[in-house]
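The values are calculated or read from the model by the stated rules, or taken from the named source; none is laboratory data. In this text the structure is predicted, and so the values were computed from the model without any measurement. Methodologically, a virtual Cβ is constructed for each residue, glycine included, from the backbone with ideal geometry; neighbour enumeration extends over all protein chains shown. These accessible areas exclude ligands, DNA and RNA; they are computed on the full protein's heavy atoms, side chains included. Shrake-Rupley method; radii C 1.70, N 1.55, O 1.52, S 1.80 Å.
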Amino acid sequence: MLGSSSGLSPAPPLLPSVAKNSKWAIRYKRCTAKEKPVRLPSGGSKKLLCHSRFCFPLRISNNDRVRHGFAISAVLTDDPTMTTVGDGMENIGLVSIDPGLESFKDHFRYRMKRYVDQKKLIERYEGGLEEFALGYQKFGFNRDEGGIVYREWAPAAQEAQIIGDFNGWDGSNHRMEKNEFGVWSIKIPDSGGNPAIPHNSRVKFRFMHGNGVWVDRIPAWIKYATVDPASFGAPYDGVYWDPPTSERYEFKFPRPPKPNAPRIYEAHVGMSSSEPRVNSYREFADNVLPRIRANNYNTVQLMAVIEHSYYASFGYHVTNFFAVSSRSGNPEDLKYLIDKAHSLGLRVLMDVVHSHASNNVTDGLNGFDIGQGAQESYFHTGDRGYHNLWDSRLFNYANWEVLRFLLSNLRWWLEEFKFDGFRFDGVTSMLYHHHGINMAFTGDYNEYFSEATDVDAVVYLMLANYLIHNILPDATVIAEDVSGMPGLGCPVSEGGVGFDYRLAMAIPDKWIDYLKNKSDLEWSMNEISRSLTNRRYTEKCVAYAESHDQSIVGDKTLAFILMDKEMYSGMSCLTEAPPAVDRGIALHKMIHSITMALGGEGYLNFMGNEFGHPEWIDFPREGNGWSYEMCRRQWNLADMEHLRYKFMNAFDRAMNLLDEKYSFLASTKQIVSSTNEEDKVIVFERGDLVFVFNFHPEKTYDGYKVGCDLPGKYRVALDSDALEFGGHGRVGHDADHFTSPEGIPGVPETNFNNRPNSFKVLSPARTCVVYYRVEESEESHDDNDEMGVNEILAADVITEQEDVEEAASRAKVGKPHLVDVDGDGSGLSKTVNFEVEDIGDDASDD
């Protein structure tokens, strides 16, 4: 990992202030820059500081500043105007928070210097980071006075043309010119007062290799790309997108304010239809967004929005970074979706992929790589530029034009489409040269700050977070990192990488391990509690019990692990629940609830898991006959009154409403007072709520003593055992629970479980009950005007329950149609496809 095929050494994690005979001193000596005269775009001659073959001018005035297309190596220099080690960096905030990082202070100083110097270079030559991130106004297709200007960075090309429908795919009359920085450009005059390239017409960039071969590529900055759906395996075409005013969507609603804590609904637009087909942005907006809002989520995280030619990649093999996925509609349709979400009070995050790019050549960014060096390419060369497990290309984050491309990409989605933030995918792969492959992170700080650290990528992420929050101060930015790198969720100003949240990725793995490998009585309350609370102080986490990762083919959702084949035959309310279903629904509610309440400062759920959607996701592919049957969401399961899926959906809605009412996710008060292994009970406080989880499969405890902070009267706020949530209704919601003082005030060791007060509750087996403290002002209200909180939640999530037999007599009941996908007769890979048919006398057998 000490070298690369480009001849440049990756930046070391420590500063060069080391012994002269050390390996770092040798590497820095090898990277020493030299001066030589080089012609500038202005036509003059100045001394430039060069590294390898790539140079940048020293101290150019604002008048001489390059406006676009300026290629620059992001290596540090001995320029006296750059920061010196230690300038304003003596006090790294991260270290004061975590003294264990003291021995890595030099690493933080080094990467802060790299960040500050890179930012200053951008300010000097581009007018600032925000101006730099307006690359989409200079590159790609843009309207200019009297014509269309097209620019493309392709320094390795020998000749270039623009081709498309507008010129009959003959570029001989539309040859482009190349400047000294590898930027090709052309201005195409209007014809008869109209743009020469019609809106929604196909275009491509044609260029010649060094060996004389011409190739056609989709422009890197293209804003829309389509494929002929009638032609199997057809390549994508770039599309010039500049709709007339009458067809351009205008946003009508402002962004909703940033919530105290995000309750995120992770969704995939394409697979959101109940029918086996690709859903559209507008259908998702009209049909799915209201469901999300009804379940009291405040944020939608959209997957697979950026164009990707391979549908089954889940959107992670991006081909066209500035284009919306055309499967679900055009750019104006996506704007409609986001505006509709904002009208409902929902913020919208994009699942952005800057960790790698599709390996596709004909329709992806990889098509611009024709074997040139890393500083003339978007990607690293050799092994460093290829991800073996993902079969994808890896960006060279030290390249000036790569920084422009990626930072501009973020600003494009924020400003053009009004996204409210991002979830960065594959951050672990970015942070380390080994990309996390075959790496088991143990928490040893040496795993995070060593030669394995990719400082180029870290600096890019710092720049990205600084940019995002400068453009949109209320943005929410989340990192998907499995390594747990310290400082990832701390502000850049404190030496962190600048993310607002990180995903708590270890939590779903723990639940899957328990469900697959341990009996209920083997579950450890201490281990569950530690797993949920194991996060860094001041670094916020988004907790989740399961996401799309647990839903894909080859894996199982929690509901499917819990209930398996019983989901095909045991979900009818017309019969008594089989033991597997009764246990499954109870634990499904408990697992999601304790994950939300104890696992982080935000919560995430993947589309359909809120009601226990059966089976897995399998995108159309050759192995399944290109079927969409398993690539959809069966919303009807949650809507049918006679099916038990409605209970899990109702509890999910109530669980979110609990946070909306009490804001416990945003509270820094989190105290676990009891993890009783014998009783299988966990008691904790989050905010001013008291949570009691009884994981015992059989034992119910009457008069169970629980500790609390504040004295007074407590009542039930949420009860997973309530009838409206598919429970047994064993807990009374009209009971008042009065506290008793414990021990000597101010002396925790004399208290009950270190809590100064306690009260007694009924704790049924496999049940979670949440209690709230009744304020004195509430007690003065007329009892007739006051409804128990659990009843308020229930009233919000479900209408008055009808008698089951009466409902059955007038309902059309769906009978599960079983399809053995695997053909092995196991019954474990069957799709639930409810066909409507009348109930006969044998309804009880369904």
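Would you check if S551 is within 30 Å of G623 (Cβ to Cβ), open to solvent by 30 Å² or more (accessible area, probe 1.4 Å), polar (S, T, N, Q) and touching a residue at least 24 places away in the same chain (Cβ under 8 Å)? Before the answer, list the steps.
Working: within 30 Å of G623 (Cβ to Cβ): yes; open to solvent by 30 Å² or more (accessible area, probe 1.4 Å): no; polar (S, T, N, Q): yes; touching a residue at least 24 places away in the same chain (Cβ under 8 Å): yes.
No; evaluated as a whole, the condition is false for this residue.
Only residues in the stretch 467-484 that are over 15 Å from Y501 (Cβ atoms) count as the first member; pair them with residues that are open to solvent by less than 30 Å² (accessible area, probe 1.4 Å) and assigned to a loop (DSSP other than H, G, I, E, B), Cβ under 7 angstrom, at least 6 apart or cross-chain, and list the lot.
Filtered contacts from the stretch 467-484: L467/A133; S483/G436; S483/Y448.
Under the condition of being among the aromatic types (F, W, Y) and crowded, with 17+ Cβ neighbours inside 10 Å, which residue from the stretch 224-248 is nearest to the chain's Cα centre (by Cα)? Break it down into steps so the answer makes sense when it comes.
Our first condition is that a residue be among the aromatic types (F, W, Y); within the stretch 224-248, this holds for 224, 232, 236, 240-241.
Filter once more, keeping what is crowded, with 17+ Cβ neighbours inside 10 Å: 224, 236, 240-241.
Values: Y224: 23, Y236: 26, Y240: 29, W241: 27 Å.
If we take residues in the stretch 224-248 being among the aromatic types (F, W, Y) and crowded, with 17+ Cβ neighbours inside 10 Å, then Y224 is nearest to the chain's Cα centre (by Cα).
Sort through H317, H354 and tell me the only one that's modelled with pLDDT under 95 and under 22 Å from the mean Cα position of the chain (by Cα).
Numbers: H354 fails: modelled with pLDDT under 95.
Sole residue among the options that is modelled with pLDDT under 95 and under 22 Å from the mean Cα position of the chain (by Cα): H317.
Do you know which of the residues in the stretch 697-733 that are open to solvent by less than 10 Å² (accessible area, probe 1.4 Å) and acidic (D, E) is farthest from the chain's Cα centre (by Cα)? Please lay out each step first, then the result.
Pass one, the stretch 697-733, residues open to solvent by less than 10 Å² (accessible area, probe 1.4 Å): 706-708, 714, 716-722, 725.
Filter once more, keeping what is acidic (D, E): 719, 721.
Numbers: D719: 31, D721: 32 Å.
Among those residues, the one meeting the criterion is D721.
Name the single residue that is modelled with the highest pLDDT among those in the stretch 74-125 being open to solvent by 70 Å² or more (accessible area, probe 1.4 Å) and either within 16 Å of V458 (Cβ to Cβ) or among the acidic types (D, E) (or both).
Here the answer is E123.
For a quick check of your reading of the model, give me the residue pairs whose first member lies in the stretch 125-146 and is in contact (Cβ under 8 Å) with a residue 40 or more places away in the chain, whose second is assigned to a loop (DSSP other than H, G, I, E, B) and aromatic (F, W, Y), with beta-carbon atoms closer than 8 Å and at least 6 apart or on different chains.
What qualifies is Y125/F70; E126/F70; G135/W221; Y136/W221; F139/W221; G140/W221; F141/W221.
Filter the stretch 378-391 down to the residues that are within 22 Å of S313 (Cβ to Cβ) and of a type in the set (S, T, Y), then identify the one that is most open to solvent (accessible area, probe 1.4 Å).
Only one residue fits best here, namely Y386.
Restricting to the stretch 473-498, and then to whatever is surrounded by fewer than 21 Cβ atoms within 10 Å (Cβ to Cβ) and polar (S, T, N, Q), can you tell me which residue is nearest to S96 (Cα to Cα)?
The selected residue is S493.
Can you tell me which residue among E775, E791 is modelled with pLDDT under 95 and surrounded by 13 or more Cβ atoms within 10 Å (Cβ to Cβ)? Write out each step before concluding.
Details: E775 fails: surrounded by 13 or more Cβ atoms within 10 Å (Cβ to Cβ).
Among E775, E791, only E791 is modelled with pLDDT under 95 and surrounded by 13 or more Cβ atoms within 10 Å (Cβ to Cβ).
Could you pull out the residue among G345, G371 that is surrounded by fewer than 23 Cβ atoms within 10 Å (Cβ to Cβ), touching a residue at least 12 places away in the same chain (Cβ under 8 Å) and touching a helix residue (DSSP H, G or I) at 6+ places or on another chain (Cβ under 8 Å)?
When all the criteria are applied, what remains is G345.
Does the stretch 611-629 hold any residues that are open to solvent by 10 Å² or more (accessible area, probe 1.4 Å) and either part of a helix (DSSP H, G or I) or out of contact with any helix residue (DSSP H, G or I) (no Cβ under 8 Å at 6 or more places or on another chain) (or both), and which are they?
E622, G623, N624, G625, W626, S627, Y628, E629
Applying the selection to the stretch 678-713, what residues are farther than 15 Å from M525 by Cα and either among the acidic types (D, E) or in contact with a Cys (Cβ under 7 Å, 6 or more places away or on another chain) (or both)?
E685, D688, V690, E698, D702, D709, listed by residue number.
Could you check the stretch 642-696 for strands (runs of 3 or more DSSP E) lying wholly inside it with 1 or more residues that are within 20 Å of A543 (Cα to Cα) and open to solvent by less than 10 Å² (accessible area, probe 1.4 Å)?
Working: elements: 670-676, 681-686, 689-694.
Where strands (runs of 3 or more DSSP E) fall fully within the stretch 642-696 and carry at least 1 residues being within 20 Å of A543 (Cα to Cα) and open to solvent by less than 10 Å² (accessible area, probe 1.4 Å), they are 681-686, 689-694.
Restricting to the stretch 736-772, give me the number of residues that are out of contact with any Cys (no Cβ under 7 Å at 6 or more places or on another chain), modelled with pLDDT of 95 or more and among the small types (G, A, S).
The number of residues fulfilling the criteria is 3.
Give me the pairs: first residue in the stretch 519-531 and within 17 Å of H592 (Cα to Cα), second residue open to solvent by 20 Å² or more (accessible area, probe 1.4 Å) and assigned to a helix (DSSP H, G or I), beta-carbon distance under 7 Å, and six or more apart or on different chains, which are they?
S531/A506; S531/K510
Out of the residues in the stretch 339-358 that are in a helix (DSSP H, G or I) and small (G, A, S), which is farthest from F419 (Cα to Cα)?
Taking the stretch 339-358 as the starting set, the residues that turn out to be in a helix (DSSP H, G or I) are 339-343.
Next, from what is left, pick out any that are small (G, A, S): 341, 343.
On the way: A341: 10, S343: 13 Å.
Among them, the one singled out is S343.
Matching residues to (1) in contact with a helix residue (DSSP H, G or I) (Cβ under 7 Å, 6 or more places away or on another chain); (2) modelled with pLDDT of 95 or more:
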position	(1), (2)
G193	no, no
N211	no, no
K223	yes, yes
F251	yes, yes
K258	no, yes
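Search the stretch 139-173 for residues being assigned to a loop (DSSP other than H, G, I, E, B) and in contact with a Phe, Trp or Tyr (Cβ under 9 Å, 6 or more places away or on another chain), and hand back the single one that is most open to solvent (accessible area, probe 1.4 Å). Don't jump to the end; show me each part of the working.
Step one: filter the stretch 139-173 for residues assigned to a loop (DSSP other than H, G, I, E, B), giving 139, 145-146, 154-158, 168-170.
Add one more test, that the residue is in contact with a Phe, Trp or Tyr (Cβ under 9 Å, 6 or more places away or on another chain), and what stays is 139, 154-158.
Working: F139: 1, A154: 9, P155: 21, A156: 17, A157: 2, Q158: 102 Å².
The extreme case among them is Q158.
Among (1) outside any loop (DSSP other than H, G, I, E, B); (2) surrounded by fewer than 23 Cβ atoms within 10 Å (Cβ to Cβ), where does Y537 come up short?
Among (1) outside any loop (DSSP other than H, G, I, E, B); (2) surrounded by fewer than 23 Cβ atoms within 10 Å (Cβ to Cβ), Y537 violates only (1).
Quick one: count up the residues across the stretch 125-138 that are part of a helix (DSSP H, G or I) and either touching a Phe, Trp or Tyr at 6+ places or on another chain (Cβ under 9 Å) or of a type in the set (A, V, I, L, M) (or both).
As a first pass, look at the stretch 125-138 and keep what is part of a helix (DSSP H, G or I): 125-126, 129-132, 135-137.
Applying the additional criterion that residues be either touching a Phe, Trp or Tyr at 6+ places or on another chain (Cβ under 9 Å) or of a type in the set (A, V, I, L, M) (or both) yields 125-126, 129, 132, 135-136.
The number of residues fulfilling the criteria is 6.
Taking R502, is it modelled with pLDDT of 95 or more and part of a strand (DSSP E or B)?
Yes: the conditions hold for R502.
Within the stretch 576-602, can you find the residues that are in contact with a Lys or Arg (Cβ under 8 Å, 6 or more places away or on another chain), outside any loop (DSSP other than H, G, I, E, B) and within 18 Å of A722 (Cα to Cα)?
Residues satisfying the conditions are V581, R583, I585, A586, L587, M590.
Out of (1) touching a residue at least 24 places away in the same chain (Cβ under 8 Å); (2) open to solvent by 40 Å² or more (accessible area, probe 1.4 Å), the odd one out for R632 is which?
Every listed condition holds for R632 apart from (2).
Could you figure out which of (1) in contact (Cβ under 8 Å) with a residue 60 or more places away in the chain; (2) open to solvent by less than 30 Å² (accessible area, probe 1.4 Å); (3) polar (S, T, N, Q) isn't true of S328?
Checking S328 against (1) in contact (Cβ under 8 Å) with a residue 60 or more places away in the chain; (2) open to solvent by less than 30 Å² (accessible area, probe 1.4 Å); (3) polar (S, T, N, Q), the one that fails is (1).
Among the residues that make up the stretch 359-366, is at least one of them buried (at least 19 other Cβ atoms within 10 Å of the Cβ), of a type outside the set (A, V, I, L, M) and in a helix (DSSP H, G or I)?
Yes.
Residue pairs, Cβ under 8 Å, 6 or more apart or interchain, first in the stretch 718-741 and assigned to a strand (DSSP E or B), second open to solvent by less than 30 Å² (accessible area, probe 1.4 Å) and modelled with pLDDT under 95. List them.
Taking only residues 6 or more apart or on different chains, the pairs are L718/V789; L718/N790; L718/L793; D719/N790.
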